[in-house]
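These notes concern the structure reproduced below.
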Protein chains: 2
Amino acid sequence: MLETQYLGYAAGILTTLAFLPQAFRIIRTRQTRDISLLWALAMNTGIILWLLYGIAKNDLPMIGANSVSLVLLMIILYCKIRYK
Amino acid sequence: MLETQYLGYAAGILTTLAFLPQAFRIIRTRQTRDISLLWALAMNTGIILWLLYGIAKNDLPMIGANSVSLVLLMIILYCKIRYK
């Protein structure tokens, strides 16, 4: 069903771009105290697995969305480790 | 392929349970300054759409994972609004 497909695209775009304001915020403030290190580590690992899953299934939207998420989450993790 | 399926499960479990330490942290500290409100809003909206997508596709693992994520993200959003 076409509507279901659009629902999936909208969901993917939202949960991917959501990390943009979070990354910008901690780059700007250099404050990451309230961010959980365990959250950042688990999200990075999880998104790497989602990316591999997308590659294994040859699912282009999944590869695209998870690549963008991974870059943003790596920035967040780097900031979390760099700025206490 | 069975291995691909396990990859998907591992990815889903990681990116769902990742929100647990983040929720615990802000419940314990009552500090949410470094969390982006826009991130929390976009994630909640996005996960609601993923949940609807899972329901539309009758995909039980997707419904399960996104239900757990949504509860944790609603707690995070509530804390973000409640504690400045």
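The values are calculated or read from the model by the stated rules, or taken from the named source; none is laboratory data. Small disclaimer: the values here were computed from a predicted structure and weren't measured. Cβ coordinates were reconstructed from backbone atoms using ideal geometry, including for glycine residues, and neighbour counts include every protein chain displayed. Side chains included, ligands, DNA and RNA excluded: accessible areas come from the protein's heavy atoms. Shrake-Rupley method; radii C 1.70, N 1.55, O 1.52, S 1.80 Å.
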Would you check which residues across the stretch B:41-66 are at the interface with chain A (Cβ under 8 Å from one of its Cβ atoms), of a type in the set (Gly, Ala, Ser) and open to solvent by less than 30 Å² (accessible area, probe 1.4 Å) and list them?
B:Ala42, B:Gly46
What is the residue count in the stretch B:30-40 for residues that are open to solvent by 10 Å² or more (accessible area, probe 1.4 Å) and in a loop (DSSP other than H, G, I, E, B)?
3
Return the residues of the stretch B:19-36 that are over 16 Å from A:Leu37 (Cβ atoms) and more than 8 Å from chain A (Cβ to nearest Cβ); say none if nothing qualifies.
B:Ile27, B:Arg30
In the stretch A:2-18, anything within 7 Å of chain B (Cβ to nearest Cβ) and either open to solvent by less than 10 Å² (accessible area, probe 1.4 Å) or farther than 29 Å from A:Lys84 by Cβ (or both) is listed as A:Thr4, A:Leu7, A:Gly8, A:Ala10, A:Ala11, A:Leu14, A:Ala18
Given the conditions (1) surrounded by 15 or more Cβ atoms within 10 Å (Cβ to Cβ); (2) part of a helix (DSSP H, G or I), which single one is not true for B:Ile27?
(1)
